[in-house]
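One structure is given below, encoded as structure tokens.
FYI, it's all coordinate maths here, none of it is from the lab. Every value quoted in this text rests on a predicted model; they were computed, and no experiment measured them. Please note: Cβ atoms are built from the backbone with ideal geometry, for glycine as well, and neighbour counts cover all protein chains shown.
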Amino acid sequence: MKNSLVVIVALEDEFDSKLLSSHIPVIYSGIGKVNAAIATYKAILEFNPRLIINYGTVGKITKDLSGLITIGSVIQRDMIAEPLSPRGTVPFSKKPNTHSSLLEGHLCGTGDSFVTEQDHWLIQNGIDVVDMELFAIASVAHEHQVNWISYKFISDDANEASGQEWSKQVNQGQQLFLEKLRHHMHQLG
């Protein structure tokens, strides 16, 4: 089945697909890079989209961010294979360590951990927000030559209170994302 776009979200709690009265597939990947990679691969095989739109929640590293933001690029924050290669870099690989969206925006650091304390590496590398899926989504999209964009809702401050903050904020960005999604649906016709 061919579809012009596919939406990939980690959890139903983040975005309720019933809000979208449309033929646009919403794929729930589950949490983490492995789940996101599998879901993205399956979505590409099943729907052959021209565009993947990712939406989800993020913890903020850059303090003045709030609300819904656009992601411009993504790196892995938990690829730590020193001394074989610097943090964020996969050793012995020719695949990109950074993936860029079709849109300009903030830098996201993806990792399979919930950030609950300050990490100076994130600050030193200009990472604005952290999530647990986007690098995998972007990597699979890159491998299959599918464009992607991502919108993220700031749910927490990536500190010791993040779990509680995230639980309260997890679905607060749905309507904001829905407006952006409708805009893209209109553009793609």
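For the reader, a short list of remarks on this structure follows.
- As a length-normalised measure over Cα pairs under 8 Å and 6 or more apart, the relative contact order of the range 5-188 settles at 29 percent.
- Euclidean distance of C-alpha centroids, the range 1-69 and the range 129-189, integer Å: 7 Å
- Its Cα gyration tensor gives the range 40-116 an equivalent ellipsoid, and the semi-axes of that ellipsoid, as √(5λ) in whole Å with the largest first, are 23, 21, 12.
- Charge dipole magnitude, Cβ of K and R +1, D and E -1 - the chain, Cα centre, debye nearest 20: 740 debye
- Taking each of Lys33/Lys95; Lys94/Lys152; Lys33/Lys63; Lys63/Lys168; Lys42/Lys180; Lys18/Lys152 in turn, the alpha-carbon distance tops 21 angstrom for Lys94/Lys152; Lys33/Lys63; Lys42/Lys180.
- Contour excess over end-to-end distance, with Cα ends at Val34 and Glu12 and 0.36 nm allotted per residue: 6.1 nm
- For the chain, the alpha carbon convex hull comes to 107 Å³ per residue, rounded to a whole number.
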